[in-house]
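*Asks:* The following block contains the structure, expressed as C-alpha cells.
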Amino acid sequence: MLTLVHLRNGQPYAQLAAGFGVGTTTVCRYVTEAVELLASLAPTLAEAVRAASMKA
C-alpha cells in the first residue's frame, strides 16, 4: 500500500513514514523493493511494441 501511495501521489518518504508509522529507511526499502518487483514483471520494450502492433 505504501508503495502505491508513493507512486500514485508522489508523496515524499518523510510524509509516508509519518502516515504509516514507520521510519524513512523502511519506506525507502519498501518502495525500492516493490519497484524492482514490478519492473521484473513488466514486458520488455520489444514485447510491448509487438503486443501493441498486434492489437492495432
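*Asks:* List every residue pair whose Cβ atoms lie under 8 Å apart, where the two residues are 6 or more positions apart in sequence or sit on different chains, the first residue falls within the stretch 1-13 and is within 13 Å of Leu37 (Cβ to Cβ), and the second residue, located anywhere, is open to solvent by 80 Å² or more (accessible area, probe 1.4 Å) and of a type outside the set (S, T, N, Q).
*Replies:* Thr3/Tyr30
*Asks:* If the Cβ limit is 6 Å and pairs must be 6+ apart or interchain, which residue in the stretch 34-56 that is under 25 Å from Arg8 (Cα atoms) pairs with which residue that is part of a helix (DSSP H, G or I) and of a type in the set (Ser, Thr, Tyr)?
*Replies:* Ala34/Thr3
The values are calculated or read from the model by the stated rules, or taken from the named source; none is laboratory data. Source: prediction; values computed, not measured. Here the Cβ is made from the backbone with ideal geometry for all residues, glycine too, and neighbour counts use every protein chain on show. Protein only, heavy atoms only, side chains kept; ligands, DNA and RNA dropped before computing areas. Shrake-Rupley method; radii C 1.70, N 1.55, O 1.52, S 1.80 Å.
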